[in-house]
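Below is one structure, written out as structure tokens, with a few remarks after it.
The numbers here are math on the coordinates, done by the rules we state, and not lab data. No experiment lies behind these values; they were computed from the predicted model shown. Counting neighbours? That spans all protein chains shown, and the Cβs are built from the backbone with ideal geometry, glycine included.
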Amino acid sequence: MSSARYVRPVNARMLSPTPIRPRVPPNMNPCLPPITPPLTAQPTLFVNPAAQGNAPPSCGASASPCPQRCLRSHLHIALTPGLGAGSARRLCEGLGCACAVLAAPDPAVQTLLSARVARALRGCDTERSRAVEHAIEWSQTPGQHVLVRADSRYPAALASLPDPPMVLYVRGTPSALAQPAVSVVGSRNASRDGLEIARTVASVFAQAGLAVVSGLAAGIDSAAHRGAIDAGGLTVGFVGTGADLIYPRTHRALAESVVRQGALISELPLGSPAAAHHFPRRNRLIAAHAVAVVVVQAARHSGSLITARFAAELGREVAVFPGSVHSPLSHGCHQLIREGAALVEDAADIAVLVRGALDRAGWLVPATLPLAGNPAHQPAIPVAHPSMRQLLAWLGWAPAAPDTLARAAGLSASDTATALLDLELAGHIERLIDGRFQRLAKPAAARQPGGPLPQTGSVPLLASPADRPV
């Protein structure tokens, strides 16, 4: 299978196709700690340890955790109304660091910001001050962290964005962000086949040592997280609310599992509720943090397409599972394939793309990833009743309405309804949200949904660039 990158039609928007190269920090940076970090510090994703001196010009670039003064400065800037992440980055790079921004004279700040935003940055804001103190207090609880761009634990893949978050609120283990990752996204209203594919793909790559990234949403996202958790691997969830909230609420138990086995992350201030405009911002982080984005079932206007297009503009690999032309959940996937995304059918196809991406990023990749079988080609369970066999044969692999199946099979409406119910209970078909039925590639009786996957010992971590032989 070709490993050609997905090339989106040219669109000079907010993201550039090539990650921004970090600049050399100025010699006079008042926020840098007086000592140099040891060279044995853990490298982060996409960073060549030999060039870690070329970090973005921000306070305490080698400090972990960040000093209080630096942390407060970043929070102050991040919580200033009207000051976006891209403008904040240009401001800090123009003046040296976050602390230098707050210490700079007004004319220097006003050359980089509009007068209105400059006044908001320098003015007294009681609400902002309370939010800064609340964030610092929140980070004092074990397992809760506030990472700023000056923190060595801040993911390098996100730092390369044109608009990197000034602050990341993290629940869980920040070191999970240092592992290479694969993002798995898709529809909230996924079919059972789609959920099984997402779960299997996530399990395969989690067992290979990659972190599985998704957005904690219903459907494909939750299946991906659960696949990684059941495999004993790492998983990272980027959310569209404050890190202190769970959305949807029904995923509270899943969120706690993600926290125990990886990290839950938000760039939004604590207490931020779910809002439509938050999720595209979250999607760009899901795309940026991974070496590849895998799309499993997406409608034509799905948010997963936003994630895939962000990934393409950032130079990440984009892999898409196709589906039936009759299913609305396939229309978005097919659109991405027409735009140049790689068509994949199983984890082995995705591994071809991931190996190349990891190698280009400088990771020492195992010669063979432990790949599972194709989830779409499993032996079927025999169907005993003649009317059930007849309906299953007429159903094929395209969704169909009950009246269409009744006419094709020559059965009465009542016999058709009974046979469809029996097939659904036996796990051979599923009822879609539009009332049609679709055949399942892997019968539910064979799949054991929710059950733990076989364990193969501890999950290996991929060798980082620092571990490559010289």
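Based on the mean of other Cβ atoms within 10 Å per residue, sort peptides 193-202, 95-104 so the most packed one is first.
The densest-packed peptide leads the list: 193-202, 95-104.
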Cα-centred dipole magnitude for the stretch 244-364, charges only on beta-carbon of K, R (+1) and D, E (-1), debye, nearest 20: 300
Charge context of R355, other residues only, Cβ under 12 angstrom, K/R +1, D/E -1: -2
Assigned charges on the beta-carbon of Lys, Arg, Asp, Glu; the stretch 165-311 dipole about Cα centre (debye): 240
Packing rank of 203-209, 268-274, where each peptide gets the mean count of other beta carbons within 10 Å, highest leading: 203-209, 268-274
